[in-house]
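Novice: One structure, as structure tokens, below. Some questions next.
The values are calculated or read from the model by the stated rules, or taken from the named source; none is laboratory data. Predicted model only: the values in this text are computed from it and were never measured. Because the Cβ atoms are built from the backbone with ideal geometry, glycine has one as well, and the counts that use them run over all protein chains shown. Surface areas here come from the heavy atoms of the whole protein model, side chains and all, with no ligands, DNA or RNA. Shrake-Rupley method; radii C 1.70, N 1.55, O 1.52, S 1.80 Å.
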Amino acid sequence: MADIEKLSRPNRKAGVKRLNKKMIRVDLTPMVDLGFLLVTFFVFTTTMASPHVMNVNVPNDKINEVTMDVCSSCALTLLLGDSDKIWYYEEEGFEPAYRQTTYNPEDLRKIITGKKQKVISVRGSDQLQLIIKPTAESSLKNLVDIMDEVSIGVVKKYFLDEPTIEELKKVGGSNIDLLTR
């Protein structure tokens, strides 16, 4: 790794002692190898841990009015509440029946796929429209869990919306006072 070379010079004057200078030569080849190994390791680990982002379509700000026909028998509305609770209802009449579930992946997946199969049997094609309405009490983790289930269930049309005052009254949201002012 390191060599010490001794320079030999003939003494010009007899009897005068000179210091012999020694050249030290350090071989940096192992250090360069280690540097390349570290660079390779970090490049490899960063490409393996790249985050996967889900595409979310957002409305165009230039359009004042969004007119989107929502089939009442094709819609499933999820209200994200506090304490990891989800209220959901299907648009099947004037007064929807609210049901409650949790973020358990099996239960939530069963609800989404059940509605999807019902829409396919009635309509003949996959026209499920999932409406996701997070309340102020729900957390970002809850919304991410729902979006994961949307991705797993291959829901083609889903919307994020704000819950109405009537929906908050049904599920017992605590921010009703803020909305009615």
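Novice: How far apart, in nanometres, would the label points at residue 91 and residue 20 be if each is projected 7 angstrom from Cα along the Cα-to-Cβ direction?
Specialist: Simple spin-label model gives 9.6 nm for this pair.
Novice: Sticking with this one: Once the Cβ-Cβ distance between residue 117 and residue 47 is put in as r, and R0 is 41 Å, what FRET efficiency do you end up with, to the nearest 0.05?
Specialist: That gives a FRET efficiency of 0.60.
Novice: Can you give the FRET efficiency to the nearest 0.05 for residue 100 and residue 72, using r as the Cβ-Cβ distance and R₀ = 22 Å?
Specialist: E between residue 100 and residue 72, to the nearest 0.05, is 0.55.
Novice: Work out from phi, with θ = phi - 60° and the Karplus expression 6.51 cos²θ - 1.76 cosθ + 1.60, the ³J(HN,Hα) of each residue of the stretch 132-145, listed in order in whole Hz, and give x for Gly and Pro.
Specialist: Listing the rounded values in order: 9, 10, x, 8, 5, 7, 6, 9, 5, 4, 4, 5, 5, 4 Hz.
Novice: Please give the per residue accessible area of the stretch 77-146, computed with a probe of 1.4 Å over protein heavy atoms only, in Å².
Specialist: 54 Å²
Novice: Now for a different question. Step through the table entries 85/170; 110/169; 110/141, compare each Cα-Cα distance with 24 Å, and write down the pairs that go over it.
Specialist: Cα-Cα > 24 Å for 110/169; rest within.
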